[in-house]
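Report on the following structure.
The values are calculated or read from the model by the stated rules, or taken from the named source; none is laboratory data. For clarity, every value in this text was computed on a predicted model and none was experimentally measured. Backbone-built Cβ (ideal geometry, glycine too); neighbour counts: all protein chains shown. Surface accessibility is based on the protein's heavy atoms, side chains included, excluding ligands, DNA and RNA. Shrake-Rupley method; radii C 1.70, N 1.55, O 1.52, S 1.80 Å.
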Amino acid sequence: MALVEVKVPDIGDFKDVEVIELLVKPGDTVKVEQSLITVESDKASMEIPSSHAGVVKELKVKLGDKVGEGSSLLMLEAEGAAAPAAAPATAPAPSPVRAEPVEAPPSTPSPSTSSGRTESGGPVDVVVPDIGDFDEVAVIEVLVKPGDTIKAEQSLVTVESDKASMEIPSSHAGVVKDVRVKVGDKVKKGTLLAVVEAAGAPAATTAATTAATAPAAAPAAAPAQPSERVVPTAALPAHEPSAPKGALPHASPTIRKLARELGVPLEEIKGTGPKGRITHDDVHGFVKGVMAGTVQTKAQAAKAPAGAAAGGAFPGLLPWPQVDFTKFGPVERKDLSRIKKISGANLHRNWVLIPHVTNHDDADITELEAFRVQLNKENEKSGVKVTMLAFLIKASVAALKKFPEFNASLDGEQIVLKQYFHIGFAADTPNGLMVPVIKDADKKGIFQISQEMSELAKKARDGKLSPAEMSGGCFSISSLGGIGGRYFTPIINAPEVAILGVCKSSTEPVWDGKAFQPRLMLPLSLSWDHRVIDGAAAARFNAYLGQILADFRRVLL
Ligand code: CAO
């Protein structure tokens, strides 16, 4: 095995370009042509591939270094067979996507348009210039729209091949009259991109340069800038399966620059463009989310471990206390379970964003409990045990029907009133809290609900609940009745607007007008979203629930 020095190949006029990503590290096994680093100029980025297969021994560059043709990239212990004979090695030129430098024309006619329009004012056709070996590349972003005022050399569209992307600039300053391409169109040298009401002459040098190589029909093409501009970019994380996972977010140079300026971690953004490409709107949406406190960067999360999911969104709040607990006694550290992390983030968001109010009440379940015990006795052999929770689900459906604003979700300035009755119930599992959902509880009887509940609770405890079994809920019930307690403040399960907390029933003296009677009382705690529900409605909901639980025949009314 020979030690080979891999260098930057001929990359056109790219000179002193910055290393923006390292795609490999010492110890990595790389293939021939596998991308090693990404470099970027102000308008383009490209990956530099390896000339050899082998194991990376030493990196010779670091982030921020400036490199050009011949710069040493890394030392590789090359696999004999795969290695080209010559060493020191130069990585293969990143063709076929590399464009050749554009030669100046013998004479440098002032650019004109394909339609013979003049360039100093009036409409000008802006076409794709000579973009080297790029042949039929897809438009992945249109960066301007009719009415936009643009500068000469402002990027009009981004095109992309399977290995590279580049922005095509305008040859003229002016106002965009018409955009002639859309996302998904295939373009090549000479394709009409836009008609621009030119404000003056085109950028002289670049346009003149273009005139030499653009088709005769399109002398006013977008400037084939110094080939630095024309060298296509390569920024696809997906194209190189052996590249380190997630090393390179899929985004154009402009977006990368924008992200760097704003300090946005591109790798944390989910792209909505073609092939998951991160768009301008994605970056803006991410920034807005961070500012609104609905999105948290990993860096923020690391700074405020238990402090707040939206920690950065509350200026003035004290930072989470950092305590060295070992100073006070022995400790053990454990990672939160995956479920705890997910449910914790959800609970925190709901607690912070929903104006919660909780009404506490008691329901007389003396007769209902007697009925439940009798039912279980009668059905001992069926294997299905009925608990109070099944009755509570049925009673909640009746209350949701009577008070539809409890079976609702907020959507901006609208309320979505649901005409279905899916009831979630909190299940305590070894890994944390989960909320399976009984679908169409209005159409099911107590036995079916009890059976489904015990199946779903088992699945939850076994970690086998599917996302579908936890989605679509209208209203949730959190029952601590089997454990104990009097009242608590359940957190609403957004986007629902209310949740019922239930504690352990107990026999209490209740005044019947003449004497105290021993009655079995069930403590109810109803939390509701004050943006949607008023206190009076909540009190009525609880009272109605109490009436039903006291006399279940009322469900039929
Ligand atoms: N009052 C008195 N006893 C009650 C009761 C109540 N409100 N609710 C249930 N019980 C009794 C049951 O009848 C049963 O008694 P037996 O063992 O004598 O038959 C016992 O308590 C245990 O019931 P259970 O918990 O097995 O059944 P369930 O249907 O009431 O609840 C489930 C099922 C999955 C919801 C429950 O097991 C659970 O996980 N509860 C915790 C929910 C939770 O964590 N909520 C908090 C969320 S916020 O962090």
Worksheet item: Between A370 and A468, how many nm apart are label points set 7 Å from Cα along the C-beta direction?
Response: 4.4
Item to complete: Just the number, please: carbon plus sulfur as a percent of the accessible area of the stretch 345-479, 1.4 Å probe, no ligands or DNA/RNA counted.
Response: 53
Worksheet item: Hey, what's the stretch 472-530 come to in accessible area per residue, 1.4 Å probe, Å²?
Response: 43
Response to the item:
Any residue on another chain or 5+ positions along whose placed amide H is under 5 Å from the amide H of V510 is listed here as Q517, R519
Item to complete: Using a 1.4 angstrom probe on the protein heavy atoms only, line up R554, R277, R540 by accessible area, largest first.
Response: R540, R554, R277
Worksheet entry | DSSP beta bridge pairing in the stretch 469-533, given as percent antiparallel to the nearest 5 | 75
Fill in: FRET efficiency, 1/(1 + (r/R0)^6) with R0 45 Å, evaluated for D440 and K31 via beta carbons
0.25
Worksheet item: Straight-line reach from K340: which aspartates and glutamates have Cα under 13 Å away, leaving out those fewer than 8 places along the same chain?
Response: D428
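Ignoring any ligand, DNA or RNA, what whole percent of the accessible area of the stretch 484-557 comes from carbon and sulfur when the probe is 1.4 angstrom?
Heavy-atom surface of the stretch 484-557 belonging to carbon and sulfur, 1.4 Å probe: 57 percent.
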Discussion item. Order K298, K401, K394, K188 by their accessible area, 1.4 angstrom probe, all chains in place, largest first.
Written reply: K298, K401, K188, K394
Practice prompt. Just report the Cα centroid separation between the stretch 315-334 and the stretch 129-160, whole Å.
Written response: 53
Discussion item. If you only keep lysine pairs separated by 8 or more in sequence, or across chains, how many in the stretch 1-68 come under 19 Å at the Cα atoms?
Written reply: 18
